[in-house]
Every structure is written in structure tokens, then in C-alpha cells.
Amino acid sequence: MDYLQLATQFLEPKLKGKYIHLDSIFPLLQSLNSDFEISQIGKSVQGRAIHQVKIGTGKTKVLMWSQMHGNESTTTKGLLDFFNFLQSDNEFAKRIKLNYTLLCIPMLNPDGAYLYTRENANKVDLNRDAFNATQPEMQLLRKIYTDFQPDYCYNLHDQRTIFGTEGYNLPATVSFLSPAFNELREYNSVRLKSISIINKMNNALQVYIPNQVGRFDDSYNVNCTGDYFTTQNTPTILFEAGHYEKDYDRDQVRKYIFVALLSSFDASYENVIVDNELSKYLNIPQNNKCFYDFIYKNVKIIDNNEEKIINFAAQYTEVIEQGELKFIAIIDKINNLQDFKGHVEYDCKNGLFSSKTSNFPKIGDNSSFFINNLTKFNNGVKII
């Protein structure tokens with residue numbers, strides 16, 4: 001099965017870019033066919049509607065939620081693409097609906113989505129509120145979990161462009177985690193069930209993004225949603241949509257999320273535990289903070305009348321301006337970059353740095369400058 005071809009075929013064209021909020025997805029939810037049961041299940045802090053989407057009649061129940069962090073929208077796009085596939089006449093789609101009951105919350109944090117923030121409107125990280133459940137959005141997720149009693153949970157997120165796959169120095173385009181259930185991070189039958197599904201998704205993704213699938217850190221925190229649900233004996237999988245070359249809008253990465261979702265159902269969930277599943281999982285390279293968006297090498301500066309050659313790095317900050325998402329390149333690190341790569345790297349060939357405000361790069365400044373007063377860099381990018 002060509003998963004990527006299906007991802008392209010069923011991509012929802014009305015969802016583009018990273019700024020995805022309730023007004024973006026609600027008309028699409030309303031347009032889903034009668035196979036889907038759409039209902040409002042609650043409201044956010046600021047009174048925005050939170051919806052669930054139910055589909056399928058099978059005995060295996062899977063609970064999914066996305067945009068728990070409002071500015072992490074790639075998995076929401078992948079989920080809507082997956083809905084498009086499920087309402088098709090594809091035989092595999094029919095089989096999924098026959099064998100599984102899926103309950104999806106495609107935007108758990110609509111306030112954060114609108115404000116383009118990680119937190120909800122009370123400035124609380126919902127993914128650190130699972131145990132105490134102080135926020136209405138988390139209280140809602142906990143209630144849905146209790147009422148639905150899922151066999152599996154899919155916790156859908158984005159991760160920053162800083163992550164690569166350890167040992168390969170490639171972007172971690174998709175990462176997974178089977179969350180821990182205790183401080184010792186031991187493996188029990190609950191974790192092994194989610195590990196088996198992760199291995200199936202990894203096998204599918206290696207066809208399209210070899211060595212660009214990572215394994216997220218499994219440090220234990222019961223306030224994290226995946227850890228909490230795992231302690232409740234529900235196999236839970238963390239999905240992290242990461243970076244792909246030149247895909248800052250993540251409209252290619254969404255396809256790989258679709259591939260992961262689809263491949264996770266392309267096998268029975270019964271009798272999944274075999275001896276080598278854990279070793280396969282542990283062979284997935286660890287996520288590693290090894291990237292910057294830009295690295296500039298061999299840059300000359302004048303410091304106290306002395307010439308020096310330095311390297312420096314810049315990272316995009318994402319801000320909403322007049323209803324549009326803007327990427328602002330900010331200088332983040334100077335020197336000591338030997339363990340890092342840039343998604344874009346420039347060799348400045350010992351050219352002299354200058355900018356409108358300084359004769360050397362400063363952390364926190366916008367990455368707009370000149371080399372030798374001739375070559376211009378604007379917002380991180382070399383202007384030819």
C-alpha cells in the first residue's frame with residue numbers, strides 16, 4: 001500500500017500553513033458525511049466550542065486528541081486528512097470503520113489555537129495538568145476518557161525544529177513515545193502494546209523518511225497526559241510532528257502524520273506482544289537537540305580592535321501579526337556550535353559582519369546583517 005500516495009490524494013486543501021484555529025476546522029467538521037457523529041462536548045476558558053468526532057463501530061476503541069498545545073497544528077491537519085480518507089469508499093477505510101471505534105477531539109485547546117500559544121487562555125500548559133486537572137479543557141478530556149474507556153490513546157503534538165535523530169544528524173520529522181508509568185521507566189504490558197504500534201508506524205515511515213523518525217524522551221511526570229493515562233493502564237502513544245527540509249509550514253509533514261495514523265490501523269491490535277518489539281523500539285534513534293534553523297560560519301568581527309572569526313546561529317520565532325503567522329529569525333547562539341547543524345548553513349568565508357545596530361552579532365537581535373557591506377542577509381536568509 002502506498003501510504004504517501006493516499007496522503008496526497010486525501011489532503012484537505014482548505015487547511016494550509018501552521019495557523020489553524022477553530023474557524024479553520026469547524027466548517028470542515030460540518031461537511032463530513034453521515035459516517036461521522038459530530039458533537040460539541042464542552043467549551044474552553046474563553047467560551048470557544050470543543051468538538052468530538054466519532055466514527056466506526058468496531059470493538060477496539062481509540063481516543064485521539066490534537067492541539068492540546070494551541071500552536072501545534074500539524075497533527076490536526078493530518079487528522080482532518082485522515083477523516084477525508086475515512087469517508088471515502090476505499091476498502092481499507094471501510095475495514096477501519098468496521099474494526100475500530102474512533103473518538104477524536106481535533107482541537108482540545110481552541111483558545112491557544114486562536115492566540116497561537118502553547119498554553120490555554122489561563123496560561124496553563126494542558127499537557128502538565130493531567131493529574132490535577134485544574135483546567136476546563138483537561139477536565140473535559142478526563143471525562144471523555146472515563147466515559148469512553150479507550151483501549152488506546154493517541155496524543156497528537158508538534159515538536160520544534162531543533163530536534164534531530166541521534167547518530168544521523170537528520171531532522172526528526174516524526175517522533176513517537178510510549179510514555180512511562182513510573183519513575184524507573186520500566187516496561188510493562190501496557191507500554192509494550194503501544195510500542196508494538198509505534199514499530200508498525202516506524203516501519204511504514206522508513207520507506208519515505210529513512211532515519212528521520214525519532215524516539216522522544218520518556219522521563220516520567222504523572223502530570224503529563226500520556227504518562228497519566230499509561231498509569232491508568234491504557235496504552236498511549238505520543239505523536240510529535242517535526243521538521244522536514246524547507247517545510248516550515250509543515251504541509252509535507254502532515255502527510256507523514258497521515259501515513260503514521262493510517263499504518264497504525266493496518267494490522268490487528270490483538271496479540272501484538274512479541275519478544276523483539278522492545279528492542280525494535282529502542283533501536284529507533286533518540287530525539288536529540290542538534291539543530292538550528294540557520295548557522296553562519298566563518299564570520300569576521302572586530303572586537304576591541306582585534307579581528308576574530310566566529311560562528312553564530314539563528315532560530316525562528318513564530319508570531320501572529322494581523323491574523324497571519326510570521327517567522328522571525330532571532331540570533332540565538334554564538335560559537336560552541338560544533339555539535340549542531342543548521343537546516344540552512346552559510347559559509348561567510350571570513351567576511352566582515354555589520355548590521356544597522358552593531359558590528360557583531362548579539363543574542364536576541366534579528367538575524368538581518370551584511371557581510372563585507374555587500375552580501376545582505378534579511379530575516380536569516382541570504383539575499384542573492
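Bear in mind that the values in this text are calculations on the coordinates, not laboratory data. Since this is a predicted model, take the numbers as computed values, not measurements. Cβ sites come from the backbone with ideal geometry, for glycine too, and all protein chains shown count toward neighbours.
Here are a few things to note about the model shown:
- Dipole axis of the chain (+1 Lys, Arg; -1 Asp, Glu on Cβ), positive-most option in Asn120, Val222, Ile383: Ile383
- Taking Cα centre as origin and charging only the Cβ of basic (Lys, Arg, +1) and acidic (Asp, Glu, -1) residues, the dipole magnitude of region 137-274 rounds to 120 debye.
- Charged-residue dipole, Cβ positions (Lys, Arg, Asp, Glu), region 88-207 about Cα centre, Debye nearest 20: 220
- Per-pair calculated FRET efficiency, R0 = 25 Å: Asn203 and Thr146 via Cβ, rounded to 0.05: 0.15
- The aspartates and glutamates whose alpha-carbon is closer than 15 Å to the alpha-carbon of Lys246, local same-chain residues fewer than 8 away aside, are Asp293, Glu345.
- Taking a straight line from the alpha carbon of Lys43, these lysines sit under 22 Å away, with near neighbours fewer than eight places off in the same chain left out: Lys54, Lys77, Lys123, Lys143.
- For Leu352, residues with placed amide H under 5 Å, excluding near neighbours: Lys300, Asn372
- Region 56-132: C-alpha gyration tensor shape, a/c 1.5 cut-off, then a/b vs b/c: oblate
- Cα-centred dipole magnitude for the chain, charges only on beta-carbon of K, R (+1) and D, E (-1), debye, nearest 20: 340
- A Förster radius of 22 Å combined with the Cβ-Cβ distance from Met1 to Asn283 puts the calculated FRET efficiency at roughly 0.40.
- Cα gyration tensor shape of region 3-289, rounded if a/c is under 1.5, else prolate or oblate by comparing a/b with b/c: rounded
- Only alpha carbons enter this Debye calculation for region 291-383, each as an equal point scatterer, and the log10 of I(q)/I(0) it gives at q = 0.11, 0.14, 0.17, 0.22 Å⁻¹ is -0.29, -0.47, -0.68, -1.09.
- Along the axis of the charge dipole computed for the chain (Cβ charges of +1 for Lys and Arg, -1 for Asp and Glu, origin at the Cα centre), the listed residues Asn283, Tyr187, Tyr248 are led at the positive end by Tyr248.
- Neighbour count of at most 13 Cβ within 10 Å plus DSSP loop: longest GluC sites (Glu not before Pro)-free window in the chain: 1-182
- Annotation: lysines with alpha-carbon distance below 26 angstrom to Lys280 (same-chain offsets under eight excluded): Lys61, Lys193, Lys200, Lys255, Lys289.
- Antiparallel DSSP beta bridges within the chain, as percent of all bridges there, nearest 5: 60
- Farthest toward the positive end of the dipole of the chain, out of Leu141, Leu79, Ile96, is the Cα of Leu79, where the dipole comes from beta carbon charges about the Cα centre.
- MRE, 222 nm, helices only [DSSP H, n ≥ 4, -39500 (n - 2.57), over the chain, to nearest 500]: -7500 deg cm²/dmol
- Sequence of Phe216, Phe92 once ranked by neighbouring C-beta atoms within 10 Å, starting from the fewest: Phe92, Phe216
- Measuring r between the beta carbons of Asn33 and Tyr168 and using R0 = 51 Å, the FRET efficiency lands at 0.75.
- Taking the fewest neighbouring Cβ atoms within 10 Å as the starting point, the ordered list for Leu63, Leu170 is Leu170, Leu63.
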